[in-house]
1. Assess whether Ser24 counts as being in a helix (DSSP H, G or I), in contact (Cβ under 8 Å) with a residue 60 or more places away in the chain and among the polar types (S, T, N, Q).
2. So which residues in the range 65-80 are assigned to a helix (DSSP H, G or I) and either touching a Phe, Trp or Tyr at 6+ places or on another chain (Cβ under 7 Å) or hydrophobic (A, V, I, L, M, F, W, C) (or both), if there are any at all?
3. Would you please list the contacts, defined by Cβ atoms under 8 Å and residues six or more apart or on different chains, that run from a residue in the range 52-66 that is without any contact (Cβ under 8 Å) to a residue 12 or more places away in the chain and in the same structural domain as Ile11 (by TED's automatic domain parsing) to a residue that is assigned to a strand (DSSP E or B) and hydroxyl-bearing (Ser, Thr, Tyr)?
4. What residue, among those in the range 6-19 that are closer than 18 Å to Leu81 by Cβ and not charged (D, E, K, R), is surrounded by the most Cβ atoms within 10 Å (Cβ to Cβ)?
5. When you go through Leu96, Leu27 one by one, which is the residue that is modelled with pLDDT of 95 or more and touching a helix residue (DSSP H, G or I) at 6+ places or on another chain (Cβ under 7 Å)?
Amino acid sequence: MTQLTKAEEEIMHVIWRLERCLVSDILPIVEEQRGEKVPQSTISSIVRILEGKGFVSHKAYGRTYEYFPIISKDDYTKSSLKKLVSDYFEGSMNNLVSFLVKEEKIDVDELSDLIEKMKDA
């Protein structure tokens, strides 16, 4: 699966959240997140790039396009996590977890809770 740029990923998160939307629905959310004005043409260009990459599609109502995701957030998350583990942790989830513990991003108690939840599932 193609990885997205930071700007593309930002817009994709909005589309995933809204499920079906117009560019005019995306614009105020992005402006609020960034705390600055964003040209509508910028958002429109990024949405067209996302469509070209196969992440979104649209339904036309005259000259108005309603966009919707065709790649789920879960699928993209899985793909991104696999790439992260492959590129930075030698393909090992153990290396990833060890890194998180060493960097104090997760403590041993949280890790134990997570293991218990996984056993129960």
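The values are calculated or read from the model by the stated rules, or taken from the named source; none is laboratory data. Quick caveat: nothing in here was measured; it's all calculated off a predicted structure. Quick reminder, even Gly has a Cβ in these numbers, built from the backbone with ideal geometry, and neighbours come from all protein chains shown.
1. The answer is no for Ser24.
2. The answer is Lys73, and nothing else.
3. His58/Tyr65; His58/Tyr67; Lys59/Tyr65
4. The residue in question is Met12.
5. Residue meeting the stated conditions: Leu27.
Residue-by-condition table, conditions (1) out of contact with any Cys (no Cβ under 7 Å at 6 or more places or on another chain); (2) farther than 20 Å from Glu19 by Cα; (3) hydroxyl-bearing (Ser, Thr, Tyr):
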site: Ile71; (1), (2), (3): yes, no, no
site: Ser80; (1), (2), (3): yes, yes, yes
site: Ser92; (1), (2), (3): yes, yes, yes
site: Leu111; (1), (2), (3): yes, yes, no
site: Glu116; (1), (2), (3): yes, yes, no
